[in-house]
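Novice: Quick one: structure below, then a few questions.
Since every read-out is calculated from the coordinates, none of them should be taken as a lab result. Quick caveat: nothing in here was measured; it's all calculated off a predicted structure. Positions of Cβ are generated from backbone atoms using ideal geometry, with glycine treated the same way; all protein chains shown enter the neighbour counts.
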Amino acid sequence: MIEQEASVVAVADGAALVEVPRRSSCSGCGHGSSCGTATVAKLFGNGGATRLRVVDHLGLAAGERVVIGIRSPLLVRASLAAYLLPLLALVGAAGGADAAGLGDVAGAATGLGGLLAGLWLAGLITGGSGARARFRPVLLRRATGTASITIEPPHPTVAG
């Protein structure tokens with residue numbers, strides 16, 4: 001289970017709207033400035049937060065901290081649908097255009113159309129409600145107090 005702490009923004013109708021801060025890089029290392037994830041986040045992200053709706057079975061209130069999570073195999077499936085499906089659609093459409101004897105411009109346009117269709121289909125598979133809700137995070141528990149580490153300033157030394 002992959003877990004993330006979030007803040008409850010609003011609660012209504014048995015659901016909670018939670019906000020998860022975006023990170024410019026993962027917490028796996030301290031090389032955010034040279035990380036590819038950080039570069040992509042700078043180009044396409046605004047550094048804000050992501051808001052998600054989760055089923056509230058704990059009776060939450062706005063302002064509370066909670067832990068949400070998603071099972072690892074579901075995350076892998078959602079990632080494959082989001083990244084691999086559009087790529088396969090692009091290659092398949094461009095390959096089909098080439099096999100049909102269309103020119104380069106028509107092949108490129110067909111490939112772009114395949115990419116857009118793949119992105120649309122990936123959005124249908126991973127987003128929405130109902131049966132596709134299995135790809136959404138679930139509310140796990142209220143967040144407990146975080147442990148704080150106190151770093152004391154260095155003691156002054158007496159020059160002798």
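Novice: Compute the distance in nm between two label points, each set 7 Å from the Cα along the Cα-to-Cβ direction, one at R142 and one at Y83.
Specialist: Calculated label separation equals 3.7 nm.
Novice: Further question on the same structure: If amide hydrogens are placed 1.01 Å from N in the peptide plane, which non-local residues have theirs closer than 5 Å to the one on L140?
Specialist: Amide H to amide H, under 5 Å and 5 or more residues apart or across chains, L140 pairs with V67, I68, G69.
Novice: Output wanted: per-residue J couplings in Hz (rounded whole) for the stretch 51-56, from phi through Karplus 6.51 cos²θ - 1.76 cosθ + 1.60, θ = phi - 60°, x for Gly and Pro.
Specialist: Going residue by residue, I get 9, 10, 9, 10, 5, 9 Hz, with x marking Gly and Pro.
Novice: How many nm separate the modelled label positions at L116 and D13, each set 7 Å beyond the Cα in the direction of the Cβ?
Specialist: 3.2 nm
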